[in-house]
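Notes follow the structure.
Read the figures in this text as sums done on the coordinates, not as results from a lab. Remember, predicted model here, so these are calculated numbers, not experimental data. Neighbour counts are summed over all protein chains in view; Cβ atoms, including those assigned to glycine, are modelled from backbone coordinates with ideal geometry.
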Amino acid sequence: MKRKVQKMSKEEIMADLKKSIETWDVKLVKSATEAAIAEKIPVGEIIGDGLGKGMETIGVRFDKAEIYLPQVVAASKTMEVALKILEPLMSAGDGALKGTVIFGTVEGDIHEIGKNVCCAMLRGAGYNVIDLGPDVSAMDFMDAAEENNAQILAGSALMTTTLESQRELVETRDEMEAPYKCIFGGAPCSQEFCDEIKADGYSETANEIIDLVARLCS
Ligand code: B12
């Protein structure tokens, strides 16, 4: 006898995406991401309103010491599984026409999840994103921008200490009189700090980064 397969609603899929990160459930993240793709839910929503919400919970629970580093690492690995599945959809845009963004976590900082989410969102919106990974020096940003004829340098910082590396990137760009726009984000970063260091843009979330980059590339 054939088993009846129950079709999931969009709300159920989004809830599963969030839950899969909160419970670092690799099996669930795979099935929920595939269900979301089958339902043609936009990549931005899958990441921003599903997986990303789960990661927010992880951050809050870690801060309250309800979970510890191994669980955080497990959640970030689960997130990476989903981003890998979404990758082919995200490289579909005509990146070269929209602009090139050099993305990295700034020097001294190894946090990557927020950066990876932002890169995924920008690729989904059709930008050519060169991801330099974590702990990237100002000079490495500059070299990559020159090599790739980029418009934007995007630096993520998750620690108050590494905010200084964001400042250094703007200073290096200015000293070299380079034309690239510098944009920053990450939990300790703010619009106020970006104004202080004379950065060109800030966004609090990955959802807002697309409008920010679009404004700066136009
Ligand atoms: C995950 C995590 C880790 C993981 C990182 C895994 C990985 N592959 O990235 C591991 C376990 C490795 C880790 C290590 C460390 N961590 Co940690 N970590 C976290 C945690 C729990 C969550 C961060 C996260 O991924 N959030 C989810 C993502 C999606 O959010 P997000 O990064 O903020 O990004 C969003 C926005 O900020 C924005 N955004 C991000 N980047 C950019 C860039 C641009 C250009 C723009 C426009 C927007 C933007 O868009 C994103 C999506 O919406 C935070 C706690 C917290 N509440 O933030 C601590 C935290 C950041 N870690 C902290 C510390 C101290 C460390 C360690 C030193 C060790 C330790 N004792 O915990 C080391 C770092 C060593 C180093 N040199 O970097 C502190 C930093 C304290 C401070 N204010 O300085 C925090 C705040 C925890 C705490 N309360 O103590 N960590």
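Things to note:
- When you restrict to C-alpha pairs under 8 Å that are six or more residues apart and normalise by the size of the stretch 10-90, the relative contact order lands at 41 percent.
- Note, ³J(HN,Hα) from phi for the stretch 208-218, Karplus 6.51, -1.76, 1.60, rounded to Hz, x at Gly and Pro: 7, 5, 5, 5, 4, 5, 4, 4, 6, 8, 7
- Value at 222 nm in deg cm²/dmol, rounded to 500, when DSSP H runs of n ≥ 4 in the chain each add -39,500 (n - 2.57): -16500 deg cm²/dmol
- Karplus-derived 3J(HN,Hα), 6.51/-1.76/1.60, for each residue of the stretch 139-151, Hz, glycine and proline x: 5, 5, 4, 5, 4, 5, 5, 5, 4, 9, 6, 7, 9
- Using alpha-carbon coordinates, inclination of helix 10-22 to the longest axis of the chain, degrees: 70 degrees
- Segment SER190-GLU45, length gained on full extension (0.36 nm per residue, minus Cα span): 49.8 nm
- Those trypsin sites (Lys or Arg not before Pro) in the stretch 130-218 that DSSP places in a loop and that have at most 12 other beta carbons within 10 Å: LYS198
- Cα-Cα P(r), the chain, percent of pairs per 5 Å interval: 1, 7, 15, 18, 19, 15, 11, 7, 3, 2, 1, 1, 0, 0, 0
- Net charge of the neighbourhood of SER20, taken over other residues with C-beta under 9 Å away and scored Lys/Arg +1, Asp/Glu -1, is +1.
- Placing pseudo-labels 7 Å out from each Cα toward the beta carbon at LYS30 and ASP143 gives an inter-label distance of 3.8 nm.
- Enclosed volume per residue, in Å³, of the convex hull spanned by Cα atoms of the stretch 95-217: 82 Å³
- FRET efficiency for the ILE37 to GLU80 pair, using the beta carbon distance and R₀ = 22 Å, is estimated at 0.85.
- Neighbours of ILE152, meaning other residues whose beta-carbon lies under 9 angstrom from its beta-carbon, give a summed charge of 0 when Lys and Arg score +1 and Asp and Glu score -1.
- Within-15-Å neighbourhood charge of LYS77 [Cβ basis; K, R +1; D, E -1]: -1
- Within the chain, DSSP assigns beta bridges of which about 0% are antiparallel (rounded to the nearest 5).
- On Cα atoms only, tilt of 69-90 relative to the major axis of the chain in degrees: 90 degrees
- Over the stretch 56-154, equivalent-ellipsoid semi-axes from the Cα gyration tensor in Å: 27, 18, 9
- Evaluating 6.51 cos²θ - 1.76 cosθ + 1.60 at θ = phi - 60° for every residue in the stretch 165-178, the Karplus couplings come out as 6, 5, 4, 5, 5, 4, 4, 5, 4, 5, 4, 8, 6, 8 Hz, glycine and proline recorded as x.
- Anisotropy class assigned to the stretch 10-90 is prolate, per the alpha carbon gyration tensor with a/c at or over the 1.5 cut-off and a/b larger than b/c.
- Cα gyration tensor of the stretch 127-185 - equivalent ellipsoid semi-axes, whole Å, descending: 17, 14, 9
- Length-normalised contact order of the chain in % [C-alpha pairs under 8 Å, at least 6 apart]: 16 percent
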